[in-house]
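See structure below.
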Amino acid sequence: MKTLTILLVLVFHFNMPEIKTSGDVLQSMYKRYHNQWHKSLTFNQTTERYRNDSLVKTDTWYETIVYPDLLRIDFGSAKSSNGVIFRHDSTYVFKNNKIVRSTKDENELIFFLGGMYSMPYEKILSHFAELHYDLAKFHVSTWKGKPVYVLGANADDEKVNQLWIDQEKQVAVRFIKYDNNTKEEGLFEQQVALKNAWSETKCSFYINDKILQVESYHNLVADAPVDMTIFDPALMGK
């Protein structure tokens, strides 16, 4: 029995893919979660807003995600007339069920946190480039006592866009961006299992190392039926 156990350990070890690059990590993540990740996610969240490290406002948001790139947030109630729609590469802010502002600005967190598993693999690589992540850069590090892969940077303190991936769960736990002369950082914590995948339930966001927002998720439901018209700005108020 001891010999058999040793043989099984050796076979498992030699069949594990060797991770040496950002591409290796993404291939491993895609193999694990493509066609396994939930197609939609609904939840409500407690949203805490901070200014100068002090809590200034607490709200409840109601969110519906359909991967790879649709997100609707309703402020205050599940049937609010105020909120925001992220649709493909655009953002629409609505008040009293009317669009009051639209911009070319995607929510890239949807991509990192599940959307990429609903896309062709080649599109994932090109989209990282569009978001200014250099996948030629890579290193291994530790985050909160756990081993992580870091995509887009050769060292922890390199001031470039980077995504940190938990080695065990193979999910994003941290991102740092330096676009527009601003340091933006997000932390994704307290993951819970959802079907064959995961969801973070606490997110913290910083601008230039000062806390901006903390989100705590509740009542998560994966793959619930979704009325797709809620993502259509042309149908607001109808």
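The values are calculated or read from the model by the stated rules, or taken from the named source; none is laboratory data. This structure is a prediction, so every number in the text was calculated from the model and none was measured. Note: ideal-geometry Cβ built from the backbone for every residue, glycine included; neighbour counts use all protein chains shown. Remember, those area values only see protein heavy atoms, side chains included, never the ligands or the DNA or RNA. Shrake-Rupley method; radii C 1.70, N 1.55, O 1.52, S 1.80 Å.
The figures follow:
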item	result
Cα principal axis extents for segment 104-161, largest first, Å	33, 22, 20
The chain: calculated mean residue ellipticity at 222 nm from DSSP helix runs of at least 4, using -39500 (n - 2.57)	-5000 deg cm²/dmol
Residue-normalised accessible area of the chain, expressed per residue, 1.4 Å probe, Å²	55 Å²
10 Å Cβ shell holding at most 16 others, DSSP loop, GluC sites (Glu not before Pro): longest site-free stretch of the chain	19-157
Extension gain (nm, one decimal) between Gln36 and Ile99, 0.36 nm per residue minus Cα-Cα	19.2 nm
Only Lys, Arg (+1) and Asp, Glu (-1) charged, at Cβ; the chain dipole about Cα centre in debye	420 debye
Kirkwood Rh and Cα Rg combined as Rg over Rh, evaluated for the chain	1.00
Greater than 27 Å apart at Cα, pairs in Lys146/Lys210; Lys79/Lys210; Lys31/Lys159; Lys39/Lys169; Lys98/Lys123; Lys31/Lys195	Lys79/Lys210; Lys31/Lys159; Lys98/Lys123
On Cα atoms only, tilt of 22-33 relative to the major axis of the chain in degrees	80 degrees
Fraction in percent of alpha-carbon pairs per bin - 10 Å, segment 160-213	24, 47, 23, 5
Convex hull per residue volume in Å³, alpha carbons only, for segment 18-115	150 Å³
Carbon plus sulfur fraction of accessible area for the chain, probe 1.4 Å, in percent	53 percent
Filtered trypsin sites (Lys or Arg not before Pro), segment 40-146: DSSP coil and at most 15 other beta carbons within 10 Å	Lys79, Lys104, Lys144
Dipole magnitude of segment 77-116 about its Cα centre (Cβ charges: Lys, Arg +1; Asp, Glu -1), debye to nearest 20	340 debye
